[in-house]
1. If you place +1 on the Cβ of every Lys and Arg and -1 on the Cβ of every Asp and Glu, how big does the dipole about the Cα centre of the stretch A:339-480 come out, in debye to the nearest 20?
2. With +1 on each Lys and Arg Cβ and -1 on each Asp and Glu Cβ, how big is the dipole of chain A about its Cα centre, in debye rounded to the nearest 20?
3. Where does chain A land at 222 nm, in deg cm²/dmol rounded to the nearest 500, when only DSSP H runs of n ≥ 4 count, each adding -39500 (n - 2.57), divided by all residues?
4. Considering amide H positions built from the backbone, and no H for Pro or chain starts, which residues 5 or more places from A:Leu92, or on another chain, come under 5 Å of its amide H?
5. Which cross-chain or sequence-distant (5 or more) residues have an amide H under 5 Å from the amide H of A:Asn56, H modelled 1.01 Å from N in plane?
6. Output ³J(HN,Hα) for the stretch A:180-185: one whole-Hz value per residue in order, computed from phi by the Karplus curve 6.51 cos²θ - 1.76 cosθ + 1.60 with θ = phi - 60°, and x for Gly and Pro.
7. Quickly rank A:560-568, A:480-488 as a protection proxy: mean count of other C-beta atoms within 10 Å, highest first.
8. Net charge near A:Ala432, counting Lys/Arg +1 and Asp/Glu -1 over other residues with Cβ under 13 Å of its Cβ?
Amino acid sequence: MIYAIDTETTGLQPYKKDKILCTAVWSEARQFVCDGVNDEVRTILGDPTNTVFMHNAKFDWRFFNQVGVTVNAKIICTMALARLMKSDLHSLSLANLGALIGHAKDDSVKKYLDKNKHYVMEIPTGKKQKRKNYDFSKVPREILHPYALQDTKVTYELGLHEHKILEEISNNTPPNLPNVKDVVINENKLTRVLFKMEHEGVKINHDYVEHQRRKEVFNYMTAVKKIENLTGVRPFSDSRFYYAPAFKKAGVPVPTTDKGNPTFAKSVLEPLKTPLSEAILAYRKAYKRANTYYQSYIDLVGNDGLIHCNFRQAGAYHGRMSCSDPNLQNVPKESVDAEDLEDAALIRRCFIPKRDLFAMLDYDQMEYRLMLDYAREMEMIEQVKSGVDVHTAAAELMRVDRFTAKVINFMLLYGGGAGKLAETLGISLNDAKDLKRLFFAKLPNVKQFFNNATRTAETRGYIFNWLGRRVYIPKDKPYVAANSLIAGGCADIMKVAMVRVDALLDDFESKMCLNVHDEIVLDMVRGEENVLPLVRKIMVDAYPHKYLPMSVGIDVSYTSWSDKKPYEHDTA
DNA sequence: GAACAACGCACC
DNA sequence: AAACGGTGCGTTGTTC
């Protein structure tokens, strides 16, 4: 039987304070809303023969888990499938997707809360901007229940609609080509894998976080005083209107943004090396570390001392995931001198294993390898297979230094042009054009691959990646097609691998706890390290290469997400 | 006063 | 001929 289920909750934090208010269920045969969760809901979710549509399924799942509901039913996240159905949607909210199939937004709950002012405007600790915190528990049942039921109705119809569209795409695909069906199967399995991984969470070293936060607050306050002394103007504000007069007085030319505003970005300030520019950079660095990183971990850690971040399965339009609350995919990777190692203030040291150790497995030069395999660039492939690093190989091929080759390599992956190349390398536009020509002359198959992808995007409007994911390419930016094939292709390799790694680890105590695009982190018990080569094999085999296989490196740490060392029992 | 744009910066 | 890709999250500034 097919159902759609939706919960209404007191808020967004099941691991801290929030509870289920009601659960709504919709099927052909029966529709109802109950307070909290009742036995009928438990029975539906406990039955493995049932299929249940949920919009942003992992959110509701967390609350079911909180009250001990066993979820055996096949869970289908209509938000994740929406990305497969139509990759270029800006918003995957139920309201937005419902509008596609003719359901107007039901904003009765929000209207009620606004009208009756059931919210508090507060400035969170360490922040400057006010936030609106709604109190959903104040919504009367007469308003909340019909609202929840309406959402399940829309979710139900959306789920059926998505399946119809995806089946059409699948049926219209020639049998010898990758089929979106395989992507659908994997994404549906992945929803459960991600739920398990998020529930595992990552342990936080609370004392360390708090200590570091205080240190960074002191650092940025010191920088503020310094800036005010240098400019003679207070109060300080990290704004172009504050900076412009000071730099004008010093006779420093200030570049502008695309919109014509003066910019004081890092790339502008860094070369100046004046006391003021350095104080501003110090302020920004410390402020960001104190708030975006340390403070957010304190705010978001659960009562269990773990961070349960949200892996957005449908995060990026080309198939990559993203991460929020907090975003653990952009935690700084700082390099320090060997002498400073002991007392270096590394943000990744906030994260410590809740069992015995972390294992970090990451694909080597994943995107570049996929590009070479797609392009059948055999000369380069042979070099890489013999162990030469891709930037060194490119440097030798073009007879330039490794840094130049690296810049060109990245620019290529991102579809960049000669202008940006010139800017990054600090060379003339003509020299940059020559370099680009040289690159494509040496890698003719890569050039062919890029041209083919771009032409396909121009004529057809979308591309299929190796697994069968369809990605729409904006009409005015066909040059991003190759990047979408590569980045999204890598994402699907990782997503396939994660589903298989999760299955493998069912027989072990060690579990996955993080994903950072081309890296997964396992929280492991001592004694299970022997599973690591098996995990690596799964990751390598996830991509059925034609010419160049994937390659995976393994690091371990018994102390934190930082301070890692190569895993050595596995010399191939 | 709140929503929206623009900017800046961390990661892959 | 030329076009750097994708995120999340914080601030300041503008607008209605």
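1. On the way: 22 positive and 20 negative charges, 192 e Å.
Roughly 920 debye, rounded to the nearest 20.
2. Working: 79 positive and 73 negative charges, 435 e Å.
For chain A, the charge dipole is close to 2100 debye.
3. Numbers: 21 runs with 265 residues, N = 572.
So the calculated ellipticity at 222 nm is -14500 deg cm²/dmol.
4. Here the answer is none, since no amide H 5 or more places off falls under 5 Å of that of A:Leu92.
5. A:Thr78, A:Met79, A:Ala80
6. For the stretch A:180-185, the Karplus-derived couplings read 4, 3, 5, 5, 4, 4 Hz, x marking Gly and Pro.
7. Working: A:560-568: 15.7, A:480-488: 24.0.
Going by the mean number of other Cβ atoms within 10 Å, highest first, we get A:480-488, A:560-568.
8. Numbers: positive: A:Lys420, A:Lys433, A:Lys436, A:Arg437; negative: A:Glu423, A:Asp431, A:Asp434.
Once positives and negatives cancel, what remains is +1.
Coordinate-derived values only; no laboratory data. If you're wondering where the values come from, they're calculated on a predicted model, not measured in any experiment. Neighbour counts run over all protein chains shown; Cβ positions are idealised from the backbone, glycine included.
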